[in-house]
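The values are calculated or read from the model by the stated rules, or taken from the named source; none is laboratory data. Owing to the predicted nature of the structure, the values given are computational and were not obtained by experimental measurement. Cβ sites come from the backbone with ideal geometry, for glycine too, and all protein chains shown count toward neighbours.
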């Protein structure tokens, strides 16, 4: 092995601020802002710090955890076939196990 190519981790990591990815910061700040507006109490903003500590711990384990979670939600969590087949399906599969599906057609419920 003559040549070694160093891997620069900074190039492969997502943008971070205070040890948390920007995706996590936006979600946490939005959640705390909505809670503050709902409770009309400015001290609710202090809830950001424990949320940030939890997100910091998650980002220490895997810096891309929020992006991977997002990808899971837009692929496997939306899939109808996930429960039946164990994999995400790209095409819409008719769920014949649904109680609303009877003999080749959907029951209309009101």
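For residue 14, work out the one condition from (1) within 11 Å of residue 63 (Cα to Cα); (2) assigned to a helix (DSSP H, G or I) it doesn't fulfil. The failed condition is (2).
When the range 47-65 is filtered for residues that are loosely packed, with under 14 Cβ neighbours inside 10 Å and modelled with pLDDT of 90 or more, the ones remaining, listed by number, are 49, 50, 53, 54, 57. Taken together, 88, 77, 33, 38 contain a single residue that is modelled with pLDDT of 65 or more, farther than 25 Å from residue 9 by Cα, in a loop (DSSP other than H, G, I, E, B) and out of contact with any strand residue (DSSP E or B) (no Cβ under 8 Å at 6 or more places or on another chain), which is 77.
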